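The structure appears right after this line, and notes come after that.
The values are calculated or read from the model by the stated rules, or taken from the named source; none is laboratory data. None of these values were measured; they are calculated from a predicted model. Cβ sites come from the backbone with ideal geometry, for glycine too, and all protein chains shown count toward neighbours. Keep in mind that these areas ignore ligands, DNA and RNA; they rest on the heavy atoms of the full protein, side chains included. Shrake-Rupley method; radii C 1.70, N 1.55, O 1.52, S 1.80 Å.
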Amino acid sequence: MVDVDVLIAGAGPVGLTAAAELCRRGISCRVVDRLPERLPYARAVGVQPRTLEIWDRMGMIREVLETAVPMKGQLLFVNGEERARIDLELPPEVPYGFAALPQYETERLLEELLRRRGGSVERRTELRSFEQDLGEVRAVLSTSPGGSREEVTARYLLGCDGAHSVVRKGLGLSFEGGALPEEYMLGDVEVDWDLPGGYGVRSTHVAENGRTDDLLVCIPLPGDGRYRMSMRTPPELSRVGGADAGGVAHGLSGEQGPLPGIEHIQAVLDRLSPRPTTATSLRWSSVFRISHRIVDRYGAGRVFVAGDAAHIHPPTGAQGMNTGVQDAFNLAWKLAAAVRGHAGPGLLASYDAERRPVGEEVVARTLRHARAGLGAEAEDPATMLLREAQLLLGYRGSPIVGPAGPAHDGPPEDGPPPAHEGPAPGDRAPDCGGLRFALGTFPVRLFTLLRERDHTLLLYADHEDQTAVFDEVAAAARNAGHGMLNACAVLDSGVRAPALRTPAAHDGLGEFCRAYGARGGEAFLVRPDGYLGLCGVPVDGPELLAHLAMLLGTWSGARQ
């Protein structure tokens, strides 16, 4: 007998994202974590616009907007002189900007969301081992203090247990890569300089031979003059080594050995701060190492890995936690479909097909940036900013998205689609405003319609005659989607369809038509993770139902 649908090892942002999404869909899960409580460290701080879109879709964006602070840009100093000011300005159609939020706050908000959905975290509980067969996963948990053991049977196991993952090691996955030679220290402090708020600070010293021999990076945090600072570790605090049994040297070194004091941080500020300043109110500090590694597979059988368990890399550009959250968001809806018994034969396999190329690109890019700076990229600044915001990430060519039309033959690495051609299958579904319902006196955003939804079918009409089949198509799609599909008609501002039973909104400003390159009588299928499975297919054609049959399979009457 199975005890739980999904067992999740690790209660960081990645594990909590997966658990919250599974619970929203009625899937039972247990989240275990060996720590007695959340760590009070501002480890991952930067939050990308794409992650904010995900949190919007999950239903927690209000709480995030009330807690986070805007990241306006970065100031770059070399040998005390300002060399560049980078403003993080995105196109106006992007709904969210860059943000800074301490990881402990991210975890708090996600855990509160999980609790509202009936879930919880089991602290002081650690996954010790597991084995699997075709039908289930059998895991051994231990608790502390006392070390009592418990055997748990689950349909699936998800390893979100970090760089030293028990799940990854238990699967025997390779974790190829290496470690950077430098050691760093972190500190959460307040300073009294007059630099503009909301800007990160990167200050370096370049020697006569052209090599950078000293470094200070400051990321703003909520609070007046508060920053998380990172810098090279002085010899007296060095903890060279620190690798686990698998040879992975990555992350905080814990409290073994001397911790950096306010005097160590002040010494670096005295050398590198662009303005004379005094550091105060040290909240926490640590020493850490950086590695760059990625697994050869994101899972095997009924067991998967996500986040740092699958990929680790330099923190340049704040890509790590954000990439892990997107791993979990991609996998959760697929696991839910599998548990319910209506996942197509390739649905779970698509997790590796879609997410591992993303992980490989992020590891390679952040390593280049760590070694050569952001200037190592040849692309124009606007495209580079969109890529750092993770807004160009997509799944064109994925085995579970429809084929691209003639206008979308180029690979996703080419950047955003040309103007007015609209996105291709596998691309991020863009937001748009100006949608008006008959009962509303104000316009709404498309992302508002997608919030806390699974698949969403959008049916576009620029003439009333095209709506005649909308109700029939919507009903057939809901049936093929096993109830996990919502439909909405998007009508040109001049179209009236009083007999339409499918919910309908008018494209009052034409933004949907422009953003999606939509033509009358076309359908668009938005996946639960906010990417497009189909684009511009005929509403009354065979493509939609065939795609849903491939994606979600046929109801089997039994959970997988």
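Mind checking whether some residue in the range 484-496 is open to solvent by 10 Å² or more (accessible area, probe 1.4 Å), part of a loop (DSSP other than H, G, I, E, B) and under 26 Å from GLU421 (Cβ atoms)? Scanning the range 484-496, I find at least one residue that is open to solvent by 10 Å² or more (accessible area, probe 1.4 Å), part of a loop (DSSP other than H, G, I, E, B) and under 26 Å from GLU421 (Cβ atoms), so the answer is yes. Among the conditions (1) farther than 21 Å from ILE61 by Cβ; (2) crowded, with 17+ Cβ neighbours inside 10 Å; (3) touching a residue at least 40 places away in the same chain (Cβ under 8 Å), the only one that GLY510 does not satisfy is (2). Among the residues making up the range 460-477, a single one is free of Cβ contacts under 8 Å to residues at least 40 places away in the same chain, under 33 Å from the mean Cα position of the chain (by Cα) and surrounded by fewer than 17 Cβ atoms within 10 Å (Cβ to Cβ): ALA475. Under 25 Å from ALA338 (Cα atoms), basic (Lys, Arg) and not in a strand (DSSP E or B): does that describe ARG478? Against the criterion (under 25 Å from ALA338 (Cα atoms), basic (Lys, Arg) and not in a strand (DSSP E or B)), ARG478 qualifies. Looking only at the range 77-97, residues that are touching a residue at least 40 places away in the same chain (Cβ under 8 Å), closer than 19 Å to PRO276 by Cβ and of a type outside the set (Phe, Trp, Tyr) come to 4 in all. Out of the range 184-213, which residues are surrounded by fewer than 21 Cβ atoms within 10 Å (Cβ to Cβ) and under 19 Å from LEU282 (Cβ atoms)? Selection gives TYR184, GLU190, ASP192, TRP193.
Restricting ALA18, ALA44, ALA68 to those that are farther than 14 Å from PHE329 by Cβ and in contact with a strand residue (DSSP E or B) (Cβ under 9 Å, 6 or more places away or on another chain) reduces the list to ALA68.
Within the range 149-156, one or more residues are at pLDDT 90 or above and touching a helix residue (DSSP H, G or I) at 6+ places or on another chain (Cβ under 9 Å).
Checked against (1) within 18 Å of ASP5 (Cβ to Cβ); (2) touching a Ser or Thr at 6+ places or on another chain (Cβ under 6 Å), ARG340 meets all criteria but (2).
Just for the range 64-111: of the residues that are more than 22 Å from ASP380 (Cα to Cα) and part of a strand (DSSP E or B), which one is most open to solvent (accessible area, probe 1.4 Å)? Once the filter is applied, the top-ranked residue is GLU81. When ILE54, ILE61 are screened for being of a type outside the set (S, T, N, Q), out of contact with any strand residue (DSSP E or B) (no Cβ under 7 Å at 6 or more places or on another chain), within 28 Å of LEU171 (Cβ to Cβ) and buried (at least 18 other Cβ atoms within 10 Å of the Cβ), only ILE54 passes. Every condition in (1) out of contact with any Lys or Arg (no Cβ under 7 Å at 6 or more places or on another chain); (2) assigned to a helix (DSSP H, G or I) holds for ILE27 except the one numbered (2). Of all residues in the range 468-483 being touching a strand residue (DSSP E or B) at 6+ places or on another chain (Cβ under 6 Å) and among the hydrophobic types (A, V, I, L, M, F, W, C), which is nearest to ALA438 (Cα to Cα)? My answer is PHE470.
For VAL31, the criteria (1) of a type outside the set (Gly, Ala, Ser); (2) open to solvent by less than 10 Å² (accessible area, probe 1.4 Å); (3) out of contact with any Gly (no Cβ under 7 Å at 6 or more places or on another chain) hold in every case but one, which is (3).
PRO181: of a type outside the set (Val, Ile, Thr), open to solvent by 30 Å² or more (accessible area, probe 1.4 Å), within 21 Å of VAL45 (Cα to Cα) and not in a strand (DSSP E or B), yes or no?
Values: of a type outside the set (Val, Ile, Thr): yes; open to solvent by 30 Å² or more (accessible area, probe 1.4 Å): yes; within 21 Å of VAL45 (Cα to Cα): no; not in a strand (DSSP E or B): yes.
It is false that PRO181 is of a type outside the set (Val, Ile, Thr), open to solvent by 30 Å² or more (accessible area, probe 1.4 Å), within 21 Å of VAL45 (Cα to Cα) and not in a strand (DSSP E or B).
Within the range 331-362, restricting attention to residues that are assigned to a loop (DSSP other than H, G, I, E, B) and either open to solvent by 20 Å² or more (accessible area, probe 1.4 Å) or among the aliphatic types (A, V, I, L, M) (or both), the residue that is farthest from GLY301 (Cα to Cα) is ALA343.
One line per residue, one yes/no per condition, for (1) open to solvent by less than 60 Å² (accessible area, probe 1.4 Å); (2) modelled with pLDDT of 90 or more; (3) in contact with a Lys or Arg (Cβ under 6 Å, 6 or more places away or on another chain); (4) part of a strand (DSSP E or B):
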| residue | (1), (2), (3), (4) |
| --- | --- |
| PRO222 | yes, yes, no, no |
| ASP244 | yes, no, no, no |
| GLU255 | no, no, no, no |
| HIS264 | yes, yes, no, no |
| VAL268 | yes, yes, no, no |
| ARG275 | no, yes, no, no |
| ARG283 | no, yes, no, no |
| HIS292 | yes, no, no, yes |
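I'm told LEU216 meets every condition in (1) surrounded by 13 or more Cβ atoms within 10 Å (Cβ to Cβ); (2) assigned to a strand (DSSP E or B); (3) modelled with pLDDT under 90 except one. Can you identify the failing condition by its number? Of everything listed in (1) surrounded by 13 or more Cβ atoms within 10 Å (Cβ to Cβ); (2) assigned to a strand (DSSP E or B); (3) modelled with pLDDT under 90, LEU216 misses just condition (3).
Say whether the condition of being under 27 Å from TRP55 (Cα atoms), open to solvent by 50 Å² or more (accessible area, probe 1.4 Å) and in contact (Cβ under 8 Å) with a residue 12 or more places away in the chain is met by at least one residue in the range 123-144. Checking the range 123-144: at least one residue is under 27 Å from TRP55 (Cα atoms), open to solvent by 50 Å² or more (accessible area, probe 1.4 Å) and in contact (Cβ under 8 Å) with a residue 12 or more places away in the chain. All conditions in (1) hydroxyl-bearing (Ser, Thr, Tyr); (2) open to solvent by less than 60 Å² (accessible area, probe 1.4 Å); (3) under 29 Å from the mean Cα position of the chain (by Cα) hold for SER120, with the sole exception of (2).
Screening ASN322 with (1) part of a helix (DSSP H, G or I); (2) farther than 30 Å from LEU134 by Cα; (3) open to solvent by 30 Å² or more (accessible area, probe 1.4 Å); (4) not β-branched (Val, Ile, Thr) gives one miss only, at (3). Looking only at residues in the range 294-319 that are assigned to a loop (DSSP other than H, G, I, E, B) and in contact with a Gly (Cβ under 7 Å, 6 or more places away or on another chain), the one that is most open to solvent (accessible area, probe 1.4 Å) is ALA318. Of all residues in the range 421-434, those that are over 14 Å from GLY536 (Cβ atoms) have Cβ atoms under 9 Å from Cβ atoms of residues that are of a type in the set (Asp, Glu) and buried (at least 20 other Cβ atoms within 10 Å of the Cβ), 6 or more apart or on another chain, in ARG428/GLU53; ASP431/GLU53; CYS432/ASP507; GLY434/ASP507. Pairing each residue of the range 178-201 that is under 15 Å from SER230 (Cα atoms) and touching a residue at least 24 places away in the same chain (Cβ under 8 Å) with any residue that is of a type in the set (Gly, Ala, Ser) and open to solvent by 30 Å² or more (accessible area, probe 1.4 Å), provided the two are 6+ apart or on different chains, yields C-beta distances under 6 Å for GLU183/SER238; GLU190/SER281.
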